[in-house]
Amino acid sequence: MSAASALRIAVADLSFQNPIVLAAGTAGYGEELERVMSIDALGGLVTKAVSAEPRSGAPAPRVAEFDGGMINAVGLANPGLDVVGREKIPWLATHLPNARKIINVVGFSIDEYPTVVAGLEQVTRNGNANAVDAYELNVSCPNVKAGGMEFGADPSSLRAVVAAVRAETQRPVFVKLSPTLSNIGDAAAIAADAGADAISVVNTIPGLVIDIEHRKPALGFGTGGVSGRAILPVGVLATHRVRRAVRLPILGVGGVASGTDALQYIIAGASLVGVGTAAMRDPSAPQRIVREMGEWCTRHDVTSVSELVGTLQWPS
């Protein structure tokens, strides 16, 4: 069996040609990277966020690097549901025939999530059926109607968001959880019970990088979300904990820069692996990671990467 065949995997009734997907926020809506990398050679992409209304986002500078990775405060800037439906979805419908397209959805009240999904579902019925394979719900957003607590940290809000979206679509629903949750396994179980088809872990970790010459934060917003190599062990541990809590497929995200990194996530319990910061630094990184995974499987006589999912042997 070829290395490419060994990397095929099924997740939530979707077939992926390999487990590597571009992480939310790093690939735009696909079109932005058309001439930068071969997205269609990957398992898929998770798009930039879509909210009910346009969001201008956080003040510049929005991104800063440090030795262990990157910190960003983009503020979920996006053109909003109407523009995405009119300008972005038609492009996705006619491009990337081999890569799966997962739409990232954000909201700041419970009803905004199903509003976005219902709107996108309507667009897909108007001649854009191939544009959307699944949705990923970013439940790390603050619920502004409930004191600002993030949806994923409030069991009732998390359950309500997932159930409301589930009622609007038959497509698979991924729920993306924050690594700062006190018990990420419990949150995953709540999402599963409410109708989620898969869990994405992890989102970025809050952090602060200081420009010591000016004694000011490096970001215009002040604090931001940490990503890159520094959070690899955090994401792998979260994947392991979610795997122990639920039997849903997992999209593991955070710190992946090599095939070895991706295989850590898979052995911990992930079926798909997201690549974000590494792809922003080097657009050839995602394809290299796919190649390295295939080579590893060949060397170790692995005929299907699905055989490795959740095979971590914990010390006795």
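Just so you know, all these numbers are worked out from the coordinates, no wet-lab data involved. None of these values were measured; they are calculated from a predicted model. Neighbour counts run over all protein chains shown; Cβ positions are idealised from the backbone, glycine included.
Over all distinct Cα-Cα pairs of region 189-316, the Kirkwood formula returns a hydrodynamic radius of 15.9 Å. With the helix formula -39500 (n - 2.57) applied to DSSP H stretches of n ≥ 4, the chain reaches a computed 222 nm mean residue ellipticity of -8500 deg cm²/dmol.
Classify region 89-175: rounded, prolate or oblate, from the alpha-carbon gyration tensor (a ≥ b ≥ c, eigenvalue square roots; a/c under 1.5 rounded; otherwise prolate if a/b is larger than b/c)? It is prolate, given that a/c is not under 1.5 and a/b is the larger ratio. Other residues with beta-carbon under 11 Å from the beta-carbon of residue 292 carry, at +1 per Lys or Arg and -1 per Asp or Glu, a net charge of +1.
Taken as Cα centroids, region 29-58 and region 131-180 sit 19 Å apart, rounded to the nearest whole angstrom.
With the alpha-carbon atoms of the chain aligned to their principal axes, the span from lowest to highest coordinate is 54, 52, 44 Å, starting with the largest. Helices assigned as whole DSSP H runs in the chain whose Cα atoms extend at least 30 Å along their own long axis and whose mean Kyte-Doolittle hydropathy is 0.5 or higher are not found. Neighbour counts of other Cβ atoms within 10 Å put 306, 5 in the fewest-to-most order 5, 306. For region 1-93, a crude dipole built from +1 on the beta carbon of Lys and Arg and -1 on the beta carbon of Asp and Glu, taken about the Cα centre, is about 60 debye to the nearest 20.
Lysine pair count for the chain with Cα-Cα distance under 14 Å and sequence separation of 8 or more or different chains is 4. Summing Cβ point charges (Lys, Arg +1; Asp, Glu -1) relative to the Cα centre of the chain gives a dipole of roughly 180 debye.
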